[in-house]
Amino acid sequence: MALQRLGVLTSGGDAPGMNAAIRAVVRQAVFMGIEVRGVHKGFQGLVDRDWPALTSRQCANILQRGGTILHTARCQAFLEPAVRAQVAADLRAEGIEALVIIGGDGSFTGADLLHREHGISCAGIPGTIDNDLPGTDRTLGFDTALNTAVEAIDRIRDTASSHERLFLVEVMGRRSGMLAVHTAIACGAEAVLYPESAEDTFEALVNQLRSNWERGKRSSIVVVAEGDQEGGAMKVGERLRSEFGLDLRVVVLGHIQRGGSPTAMDRIWGSRWGVEAVKRLVAGDTAFYLGMDSGRLVSRPLSAIHEPRPEPPRELSELVAVLAR
Ligand code: F6P
């Protein structure tokens, strides 16, 4: 029988562009005569059966808004097999035959389990500012977060050069250096530290700063990913102060990077993926997530989420030192 009712949820850290995807899911579904339920607070809303109807009119003027109108959460309870079994039974009883899940790798892992164990059709839309999902060049929120970080660092640069100071600026990324490396290039940083880097990052940083100084550079900006091997910008700063007596400043950009109005690219991809997710569910696809490969919209099986996470391309991280000369 044709799909009649689907649920949409956002899960994990919020990311600009999630609202664009929600709006597109709802409007494409309405266009195809399908009812949509908006599940509140990610997987927690499935557990709580908190899934009221979501209409096209409720999606008015959300395209340009950051965050997620459905709210989000990281739900530990969903790790329990018994909880997933109950959720599947509740979804069936309610007539919700398929889910669109907007989130990152944890969210897609949950979706994969729900499908494999209980046959609930699940479509994933990549939504995380970290841009660290296998099989897609882009995730919703990355472009916006990158631009936010670059804009903030441009301001810090004014002060750094006026005072001839070293600034360590921490960007998000507990397990991923994607945001850090791209930010570093876009703001002309003198160095970047990030979790996947193969080198002894602290020693490399000291050498880099020393060589900058010898070449007459009197101010520097170092971008540090939250999850770098030293444990973030505060720790790196403490070590530089105590071992070398440097007068430096640390700025942690934090959640400023996650909020704000999505860029045009995040709105466009949120819209494209939202529409495609519904079309594919209607066509009978049951367990997939969408992505972008060299500018093209692609679909991958949900199980591909377990493939290795992409790392910042080495040719990009190597550019940082070259361009700082
Ligand atoms: O996954 C996105 C992300 O912003 C990471 O970069 C960051 O480490 C994490 O979420 C922070 O999560 P929370 O807001 O729950 O502290």
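Per residue, the convex hull spanned by the Cα atoms of the chain measures out at 123 cubic angstrom. Between residue 241 and residue 316, the FRET efficiency from the beta-carbon distance, with R0 = 25 Å, is close to 0.30. Were the residues from residue 325 through residue 32 laid out at 0.36 nm apart, the gain over their Cα-Cα distance would be 99.8 nm.
Rounded to the nearest 0.05, what FRET efficiency do residue 164 and residue 309 have when you use their Cβ-Cβ distance and R0 = 45 Å? The calculated FRET efficiency here is 0.70. In summary, the aspartates and glutamates within cross-link reach of residue 217, defined as a Cα separation below 14 angstrom excluding same-chain residues under 8 places away, comprise 164, 190. With R₀ set to 51 Å, the beta-carbon distance separating residue 83 from residue 204 gives a calculated FRET efficiency near 0.65.
Bear in mind these aren't lab numbers, they're just calculated from the coordinates by the rules spelled out. Please read these numbers as outputs of a predicted model, since none were measured by experiment. A quick note on method: Cβ atoms are made from the backbone with ideal geometry, for glycine too, and the neighbour counts reach across all protein chains shown.
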